[in-house]
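Q: What follows is a single structure, and I will ask about it in a moment.
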Amino acid sequence: MSNSLSDPLRPSDHADGAADVSAPRLGPVEWLRWAWRQVTSMRTALVLLLLLAIAAIPGSLVPQRSADPNGVTQYYTDQPDLAPILDGLSLFDVYTSPWFSAIYLLLFLSLIGCVIPRAKHHAKALMSRPPRTPVRLSRLADYEKHSVEASEGTDASAQASDAVDLAAKQLRRAGYRVERDDSRGSWSVSAERGYLRETGNLVFHIALVGVLIAVGFGGGFAYTAQRVVVEGTTFVNTLTDYSSFNPGRFVDGTTLAPYAVTLDEFQVSYQGFGTNAVGQAGDFAAVITTREPDGQTTEDAIRVNHPVDLAGDKLYLLGNGYAPTIVVRDAEGVVRYRESQPFLPQDTNMTSLGVVKVADGFAEQLGMIGFFYPTQDVLTSGAYTSTFPDLINPVLTLNVFQGDLGINDGTPRSVYTLDVGEMTQLTGGSTGVDSIELRPGETADLPNGLGTVTFEDESATIASEAPVKRFASLQVHRDPSAVWVLVFAVLALLGLLTALFVPRRRVWVKAAVRESEDGPLIDLEYAGLARGEDPALRAAVTQVADRHLAAFDHPVVDALEPGDTGSGDRRDAPTPDVN
Amino acid sequence: MPAEETLSLDAVSVLLIWTAIAIYALAFIAYALDLARRSAMAVDAKGVPEYATQRELVGVGTRLGSGAPARGTGSVDTAQPAATPRRPRQMWARVGTALTVLAFLFHLGATITRGIAAERVPWSNMYEFSMTGTLLIVAVYLVVLFRYDLRFLGTFITGLIVILLAGVLLGGLYTEVVPLMDPLKSVWLVIHVFVASLGTAFFALAFALSVVQLMQARRERRAVEASESSEAKPSPRFLRTLPTADTLESLAYRFAIVGFIFWTFTLIAGSIWAQDAWGRYWGFDTKEVWTFVIWVLYAGYIHARATRGWRGTRSAWLAIIGFAAVMFNFTIVNMFFKGLHAYSGLS
Ligand code: HEM
């Protein structure tokens, strides 16, 4: 069939299209036009899609800064020679790299260049009429022909015309756009349906552009902040209260809603002994009280999968651990340090590592590296370990250092690491002095009569009545574009469903009068033509014929003519509803 | 929750799954015998011109055939010779299907008892995804049999299932029933993982059909060459009894697009879940990367079918590569790649 206006417009190298047109002539305009046609061709789209798939793979093989920054640091340690080379190729930032961006930007350029003309063309097609009935319907693959007796009394031609009227009515009711096409001695209706298929395809491709814009541009309005909160403490939603803040391009961080969040209690449950998963932690809940700028306070709980909504932000629970309260007094008994210091969990049984930094009050600065074992046990090697993540036998060990903490010159230092380069170790290791070992409520002397250190028992002060406080690490996230991403993604899915499953087809019903020995007969021809993939076309033609013959209600005098492949097995053909 | 009772129910599940594996293996043998019979039959019918009689597959042909006419092929062609009265020749295919149904019932029983034992949906760790995923592959295959006679894929389906299930059990991937980790406690576990498995099942069928399509296309090419020169290279003979490469392709395409839609949904559902669980909808986590790569590969496949010069053999290769990526994502990425999706239940 030749292409008509109502056919969707396709790039020139589409499989259904005519053979390739001309090579470029020499003029610059022609050349540009030719180049543009290459960019918007099916082949380019295909190659770019395949390139995109291949280019995405390295990001799963090499750690990415965005998803796994520690992995990148580790990579530099493990492969000091290779890492800088990979970094030069942006392999630690694959998805923001110039080459990855080039591929998807070209792909979307091609997409837009391809979709705009198609959308224009389709808009016109929506207003056009179905094409005329072909002269020889029997040439079509899906074709059947039946003859019925004309009733006596009335003009057979009028009956043939009525038959086509009826067919047109039925087709219109079945969702076809119909056009009468009568000529002398033959009456026919030309019907077409499935414009939605092309609409769906266009919606799908345009929605992909929507997703890209929502992610790329809308993401600029997002921000992510992180913060560790110890039970009983409060933080405020301001830049200074966060340990890390990642703003989008259009966020400067000065307009955050100044709400406050207090962690009242951190809850967790552990699988007990005798189960298949001893020590597995679950049911995490950060029980919080929030105070909004207008003073209104609310109690809530942040759980995994259940972030808390607050002033347009979402609060997520990322992690948790113990924060032993450590008090350091000098030789006079004056408190020089009191902190519930978060210790970072090192294993599933919550063996945790933390650091104490006492900057003032002593002749030299003091630092301590501590291990906390919620359920302390001794390995055969003599080393301590934790055998359960809950507080069954909590023990804190401390190694004391004396010297320069390296914080006076203003360089920011992590609160989780101690730089012992300028310090002397006083306990543990090779010093010959035992490490300090404390249980909640116990106090020990610091070496050289410096003073004392106490591991406070907090059971009287916190809601859980546990001796050791816990901390939660929270993430505050705001992404006003996420909902748009979702909207476009769902549109793409709906477009896809329509584009792939709405059949696009033409159907013709034609009537002609034929004289026979027994009086006039009306020959009824039914034919269908698929536009694109349409496995149910034959069933549809059969159904059109069946319904029409039943409603027309004239005696059928079919004799199967040789060559009518269509009607031989029509009674066995599946007839799914084609409306 | 009484621990002993849980254990015994799970033990029943393991017993059922081994029974299912054994019956699938028998089904594989039956289907293999069917292919052998088809080869023999193709030899018997050698005198008959290959495309002379095509009514045999009309039941299939009427449905398969109309897929392509718009492209002007209009063929209902299958290479199947006429043999309507000789029913017994399909005996082994029928035995294969009957055994597959039986094995499926045991497999279903195993999956359900595992779910009851665990008191949740049985697709929460790698052992369970394998069980449910393979169950869905068989289910889709059996349902599709009502419409299309695809029993020639029986060896592939049962073979794949036996390898995956036995591989999982013998490879030490069996995992005891443990409570869900917090991030998995979500309705999205039920939806996202299930739909992904369903998509995989359709991709598996598209893959198998594409492989047969490639073989058939090669045979057809050689048949043409042979008619031009006297030298004929042999192709597996059972291919003569199967639909034409064109028909196989349009069928493979149909399964691939259903799979693609499920996969698109998986991608969206996964992002919604990630937004709740990890605080961002997309972060190029390894598993996310692979899910995306697979999606793009199948988008490529669908495009290839509409691109001049790519329809046929080239696009079939894309369907094959796509499924290879699905399997890679399921096995290697789950077990060896580092990422947030650390839910294989393996340590
Ligand atoms: C982000 C990149 C793209 C993706 C993921 C994509 C995906 C798809 C999918 C899934 C289909 C089949 C569903 C349907 O018919 O609607 C399709 C069809 C189509 N795409 Fe794309 N596409 C992309 C880019 C492009 C580009 C750049 C072009 C133009 C050069 C294009 C032109 C077409 C055409 C003409 C069809 C209809 C094919 C047919 O006749 O069956 N697409 N695309």
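Read-outs throughout are calculated quantities, based only on the coordinates presented, and are distinct from any laboratory measurement. As the structure is a prediction and not an experimental result, all values here were calculated from the model. Here the Cβ is made from the backbone with ideal geometry for all residues, glycine too, and neighbour counts use every protein chain on show.
Q: When a/c is below 1.5 the answer is rounded, else prolate if a/b is larger than b/c, else oblate, so apply that to region B:157-248 with a ≥ b ≥ c taken from the square roots of the Cα gyration tensor eigenvalues. Write out the running numbers ahead of the final one.
A: Values: a/c = 5.62, a/b = 2.70, b/c = 2.08.
Taking the square roots of the gyration eigenvalues as a ≥ b ≥ c, region B:157-248 is prolate.
Q: Under a Cβ-only charge scheme (Lys and Arg +1, Asp and Glu -1), can you give me the dipole magnitude of chain A about the Cα centre, in debye to the nearest 20?
A: Dipole magnitude for chain A comes out near 2760 debye.
Q: Follow-up. By how many nm would the segment from residue A:331 to residue A:557 grow when fully extended, if each residue of separation counts as 0.36 nm and the alpha-carbon distance is taken off? Walk me through the intermediate numbers first.
A: On the way: separation 226, 0.36 × 226 = 81.36 nm, distance 11.76 nm.
Going from the current span to full extension adds 69.6 nm.
Q: Name the shape class, rounded, prolate or oblate, that the alpha-carbon gyration tensor gives for region A:408-480, where a ≥ b ≥ c are the square roots of its eigenvalues, rounded holds for a/c under 1.5, and otherwise prolate holds if a/b is larger than b/c and oblate otherwise.
A: Numbers: a/c = 2.95, a/b = 1.26, b/c = 2.33.
Judged from the Cα gyration tensor, region A:408-480 comes out oblate (a/c at least 1.5, b/c at or above a/b).
Q: At 222 nm, what value in deg cm²/dmol follows for the protein assembly as shown if DSSP H runs of at least 4 each add -39500 (n - 2.57) and the sum is divided by all its residues, to the nearest 500? Before the final figure, lay out each step's value.
A: Numbers: 20 runs with 377 residues, N = 926.
Taken over the protein assembly as shown, the calculation gives -14000 deg cm²/dmol.
Q: Hey, another quick one. Per-residue HN-Hα couplings for region A:247-263, Karplus 6.51 cos²θ - 1.76 cosθ + 1.60 at θ = phi - 60°, whole Hz, x for Gly and Pro?
A: Couplings: x, x, 4, 9, 10, 10, x, 8, 10, 6, 5, x, 8, 10, 10, 10, 8 Hz.
Q: Each residue of region A:75-91 in order: what ³J(HN,Hα) in whole Hz does its phi give by Karplus 6.51 cos²θ - 1.76 cosθ + 1.60, θ = phi - 60°, with x for Gly and Pro?
A: Once rounded to whole Hz, the list reads 4, 4, 6, 6, 10, x, 7, 6, 4, x, 5, 4, 4, x, 8, 6, 6.
Q: Let me ask you something else. Put +1 on the Cβ of every Lys and Arg and -1 on every Asp and Glu Cβ in region A:192-249; which of A:245, A:212, A:232 then has its Cα farthest towards the positive end of the dipole?
A: A:212
Q: Can you list the HN-Hα couplings for region A:120-125, worked out from phi with the Karplus curve (6.51, -1.76, 1.60; θ = phi - 60°), rounded to whole Hz and with x for Gly and Pro?
A: For region A:120-125, the Karplus-derived couplings read 4, 4, 5, 4, 5, 4 Hz, x marking Gly and Pro.
Q: Would you calculate the separation in nanometres between label points at residue A:377 and residue A:129, each defined as 7 Å from the Cα along the Cα-to-beta-carbon direction?
A: Those two pseudo-labels are separated by 8.8 nm.
Q: Taking R0 as 22 Å, what FRET efficiency do you get between residue B:40 and residue B:221 from their Cβ-Cβ distance, rounded to the nearest 0.05?
A: Working: r = 24 Å, r/R0 = 1.09.
Efficiency for this residue pair is about 0.40.
Q: Moving on. Could you tell me which residue out of B:175, B:117, B:154 lies farthest along the dipole of region B:108-216 toward its positive end? Charges go on the beta carbon: Lys and Arg +1, Asp and Glu -1, centred on the Cα centre.
A: B:154
Q: Now for a different question. Separation between the residue A:413 and residue A:38 pseudo-spin-labels, each 7 Å from Cα along Cα→Cβ, expressed in nm?
A: Computed distance between label sites residue A:413 and residue A:38 equals 6.1 nm.
Q: Go through region A:161-253 and name the chymotrypsin sites (Phe, Trp or Tyr not before Pro) that are in a DSSP coil and have 15 or fewer other Cβ atoms within 10 Å of their Cβ. Write down the numbers at each step before the final one.
A: Working: sites: A:176, A:187, A:195, A:204, A:217, A:221, A:223, A:235, A:242, A:245, A:250; in loops: A:176, A:217, A:242, A:250.
In loop regions of region A:161-253 (DSSP not H, G, I, E or B), the sparsely surrounded chymotrypsin sites (Phe, Trp or Tyr not before Pro) are A:217, A:250.
Q: Here is a follow-up. Say R0 is 56 Å: what FRET efficiency, to the nearest 0.05, do residue A:276 and residue B:32 get from their beta-carbon distance? Don't jump to the answer; show the numbers that get you there.
A: Working: r = 40 Å, r/R0 = 0.71.
Working from the Cβ atoms, E equals 0.90.
Q: Relative to the present Cα-Cα distance, how much length would full extension add between residue A:309 and residue A:89 at 0.36 nm per residue of separation? Don't jump to the answer; show the numbers that get you there.
A: Values: separation 220, 0.36 × 220 = 79.20 nm, distance 3.98 nm.
So the extension gain works out to 75.2 nm.
Q: On to the next question. Only sites in a loop by DSSP and with at most 13 other Cβ atoms within 10 Å count here; which GluC sites (Glu not before Pro) in region A:125-229 make the cut?
A: A:152
Q: Region A:271-359: which chymotrypsin sites (Phe, Trp or Tyr not before Pro) are DSSP loop and have at most 12 other beta-carbon atoms within 10 angstrom? It would help to have the intermediate numbers written out before the result.
A: On the way: sites: A:273, A:284, A:316, A:322, A:337, A:343; in loops: A:273, A:343.
Here the sparse-neighbourhood loop sites are A:273.
Q: Which aspartates and glutamates, on any chain, are close to residue A:469 with Cα under 14 Å apart, when same-chain ones fewer than 8 places away are left out?
A: Partners within reach: A:231, A:264, A:265, A:339, A:390, A:456, A:457, A:458.
Q: Hey, can you grab everything whose amide H is under 5 Å from the amide H of residue A:337? Only 5+ residues off in sequence or another chain; H modelled, so Pro and N-termini drop out.
A: A:328
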